[in-house]
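Worksheet: one structure, shown below.
All of the numbers you see were taken from the coordinates with simple rules; none came from a lab. The model shown is predicted, which means the values in this text are computed figures rather than measured ones. Cβ: placed from backbone, ideal geometry, glycine included. Neighbour counts: every protein chain shown.
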Amino acid sequence: MIILGIDPGSRKTGFAVIEYKGSRKSIVDSGTIFLTEAKSMPEKLVRIFNEIGTLFVKFDIESVAVEAGFYGKNAQSAYKLGYARSAAVLAAALKGVEVVEYSPRKVKQSVTGNGNASKPQVMFMVRRLLSGAERLPLREDEADACAVAICHAQNSGGGKGGYRNWKEFVAKNSHMVVKRSGARRIK
């Protein structure tokens, strides 16, 4: 399974493409979309949309994981982050690819075992968990995007044949489900 992880931001948006086979996770590509030279928010959104879109041309991305925004006390920052997330999600959704969001706490917990982990702890574990990442000079935003992709790999069951819920199992294995006719419902 090829997963695109995205750490959206209005100044920098990190991305990482990882391959997940069985229990092996390896980095395919990563980068940071720098948005500081864009003069307006619409210019930034177009840049995010276009850059994420080019990743679908380069790689056979099967799933996209995005870090959900953390909304603190600054409403203006929350709006800007929401716009950046929307541009990234739209680029993926228009390709018909599943998009899943994870909270920052869930991402940190999946990668480090601690939902309150620091940035250096996340970076350390990304380098340990992703084959090939130890050789790369990952920026903070790229490491965060890697962490989002790892979180999705560990929670989706994508490379293991696992399922997120019963409904997904039934949908993918309807031939294994016995349908009983005439079953009575007990009240």
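General observations
- Share antiparallel - DSSP beta bridges, region 1-101, percent rounded to 5: 65
- Dipole of region 2-176 [Lys/Arg +1, Asp/Glu -1 at C-beta], most positive-end residue of Gly14, Asn50, Ser103: Ser103
- Contour minus Cα-Cα distance for Arg24 and Glu140 (0.36 nm per residue): 39.5 nm
- Cα shape, region 2-176, gyration tensor, a/c 1.5 rule: prolate
- FRET E, pair Phe124, Ser77, Förster distance 25 Å, beta-carbon r, rounded to 0.05: 0.35
- Total formal charge among the other residues, if their Cβ is under 13 angstrom from that of Ile61, Lys/Arg +1 and Asp/Glu -1: -3
- Over all other residues within a Cβ to Cβ distance under 14 Å of Gln121, the charged ones net out to +3, with Lys and Arg as +1 and Asp and Glu as -1.
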